[in-house]
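For reference, the structure discussed in these notes is given below.
Please treat every number below as a calculation from the coordinates, not as lab data. Note that the structure is a prediction, hence the values are computed from the model and not measured. Methodologically, a virtual Cβ is constructed for each residue, glycine included, from the backbone with ideal geometry; neighbour enumeration extends over all protein chains shown.
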Amino acid sequence: MKTVRFSKSGKRVPLSKELRNIVLDLLTGKFGCVCWYCGINLGSKEIHIDHIDPLSKGGADTIHNLALSCVSCNRAKWDLSFAEFVRWVNRLRRMETFPAKDGFNAMIAYVDNEKR
Ligand SMILES: [Zn+2]
């Protein structure tokens, strides 16, 4: 499924409202309405749709490369690849500032499985 299109100038074009709702339905139906990275419930919070491996680093523009994210995790991850982000989060976890380890471990297992 195409989720983000690029204009001729190379600028990213946001998802249409209709397509965004379809992607949200698919991802929440499969994984629940939680941030994949920290595990917090996104029910009443702003929801971001993140490319797990960024397009700028060769990530695919498909549903298997999309994850729901809270604002904080999406900003923190920014343009990092998934592997880089995991290393960064693991550093945070060692500092015991990480809020929800179980959700994060489940997400790592899922992405590892998809890549095989
Ligand atoms: Zn988060």
### Message
Any residue in region 59-75 that is under 16 Å from Leu15 (Cβ atoms) sitting within a Cβ distance under 6 Å of a residue that is of a type in the set (Val, Ile, Thr) and more than 16 Å from the ligand (Cβ to nearest atom)? List the pairs, counting only those 6 or more apart or interchain.
### Response
Asp61/Thr3; Asp61/Val4
### Query
Looking at region 44-77, which of its residues are within 13 Å of the ligand (Cβ to nearest atom) and exposed (fewer than 15 other Cβ atoms within 10 Å of the Cβ)?
Lys45, Glu46, Val71, Arg75
### Task
Take region 14-30 and flag every residue that is surrounded by fewer than 16 Cβ atoms within 10 Å (Cβ to Cβ) and within 16 Å of the ligand (Cβ to nearest atom).
Thr28
